[in-house]
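One structure below.
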Amino acid sequence: METGLSSSLPPTMPKAPTARTTTFARTTKFKAAGAGAGTKGKGKNTGNGNGNARWIYKTEAMKKYHLTAAELEGVPILATEPNPHDPAGPPATKYLEREVLKASQALGAALVKQEVDQYMPWLAMEHGATILRTKAVEKYKVKTWQLDRIKPVSEDTNPHNARGPKMRYYNVADVKALCTAFNIPLPVAPPRKPRASTSKAATAAASAEAAPAPATPAKKKAAAAPRAKRAAPSYSYDDDDYYQDGIFDGMSGQDAAEKFAELTGIVGPAMSYWQ
């Protein structure tokens with residue numbers, strides 16, 4: 001039974017439809033994959049207040065950048081931890097990879113003189129033509145650790161792998177100077193094909209070579225003599241030469257039909273007629 005109060009209330013308006021949202025649980029496998037941000041072993045994200053910079057072990061730094069232990073002494077140590085391969089041995093040393101790269105470029109500064117960009121000190125000023133890092137390795141046969149001794153002039157995001165290493169460009173002059181410092185022979189350019197000369201003398205000489213040889217008196221006499229016109233053949237249906245000889249010439253209709261059937265295996269109406 002409805003009361004007067006309930007009947008006086010306005011009817012309830014239907015609620016507006018809301019978009020359906022689905023919440024996916026973050027699985028343990030996804031957490032493990034995201035913890036390293038797509039890195040393997042060395043160079044993981046530290047997350048220790050260093051801007052999530054990549055770190056590298058001492059032995060890996062020496063191998064990758066061809067540095068000695070003495071050359072790594074000036075690099076600030078990021079952290080030390082028990083050696084995972086030999087807990088009883090000396091501790092493992094970690095460095096920020098960017099600091100190791102700075103040490104490698106400091107060694108290269110004595111080999112190749114570069115003008116450093118005052119606004120971006122990790123880059124060099126661009127002078128002349130540039131070349132991509134992979135192209136420089138392919139063309140000039142330099143090693144990657146040798147290219148790490150000089151500074152690039154620009155860095156771009158890799159369009160094929162945005163989370164991977166950046167694309168680095170170098171001055172071609174710096175790469176050539178690096179090859180000279182490491183006694184790497186420079187590639188020899190292929191010889192250029194000679195361009196066709198457009199001078200008037202060259203054009204006249206080419207025209208003279210292409211001109212036909214002067215005609216001899218015998219050729220002139222033969223050219224001046226009138227040519228005899230060939231008479232057109234005048235065949236008619238009455239001429240015997242108009243018709244060509246065939247294998248059925250001189251045969252009767254029955255003989256021709258039998259010959260045709262013998263040659264082709266086809267029995268035509270004429271053969272049926274004679275049969």
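The values are calculated or read from the model by the stated rules, or taken from the named source; none is laboratory data. These figures come from a predicted structure and were not determined experimentally. With ideal geometry, Cβ positions are generated from the backbone for all residues, glycine too; neighbour counts draw on all protein chains shown.
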Unmet requirement for Val75, which otherwise passes all of (1) in the same structural domain as Ala61 (by TED's automatic domain parsing); (2) farther than 20 Å from Trp55 by Cβ: (2)
Which numbered condition Gly51 fails, given (1) assigned to a helix (DSSP H, G or I); (2) at pLDDT below 50: (1)
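Each row is one residue, and each column tells you yes or no for (1) modelled with pLDDT under 80; (2) surrounded by 10 or more Cβ atoms within 10 Å (Cβ to Cβ); (3) of a type outside the set (Phe, Trp, Tyr); (4) in a loop (DSSP other than H, G, I, E, B).
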{"position": "Ile150", "(1), (2), (3), (4)": "no, yes, yes, yes"}
{"position": "Arg168", "(1), (2), (3), (4)": "no, yes, yes, no"}
{"position": "Ala196", "(1), (2), (3), (4)": "yes, no, yes, yes"}
{"position": "Ala213", "(1), (2), (3), (4)": "yes, no, yes, yes"}
Residues located in segment 245-265, provided they are surrounded by 10 or more Cβ atoms within 10 Å (Cβ to Cβ) and in a loop (DSSP other than H, G, I, E, B): Ile247, Phe248, Met251, Ser252
Qualifying position, being touching a helix residue (DSSP H, G or I) at 6+ places or on another chain (Cβ under 7 Å), of a type outside the set (Phe, Trp, Tyr) and outside the structural domain of Gln114 (by TED's automatic domain parsing), among Pro214, Pro187: Pro187
Filtered residues of segment 102-124 (kept if more than 16 Å from Leu178 (Cα to Cα) and either assigned by TED's automatic domain parsing to the domain that holds Tyr170 or out of contact with any helix residue (DSSP H, G or I) (no Cβ under 9 Å at 6 or more places or on another chain) (or both)): Lys102, Val116, Asp117, Gln118, Tyr119, Met120, Pro121, Trp122, Leu123
For Ala79: the one exception among (1) surrounded by fewer than 19 Cβ atoms within 10 Å (Cβ to Cβ); (2) in a loop (DSSP other than H, G, I, E, B); (3) modelled with pLDDT of 90 or more: (2)
Pairs where the first residue, in segment 188-201, is of a type outside the set (Val, Ile, Thr) and the second is modelled with pLDDT under 75, C-beta under 8 Å, 6+ apart: Ala196/Ala202
Residue match in segment 100-116 (condition: outside any loop (DSSP other than H, G, I, E, B), at pLDDT 90 or above, hydroxyl-bearing (Ser, Thr, Tyr) and loosely packed, with under 13 Cβ neighbours inside 10 Å): no
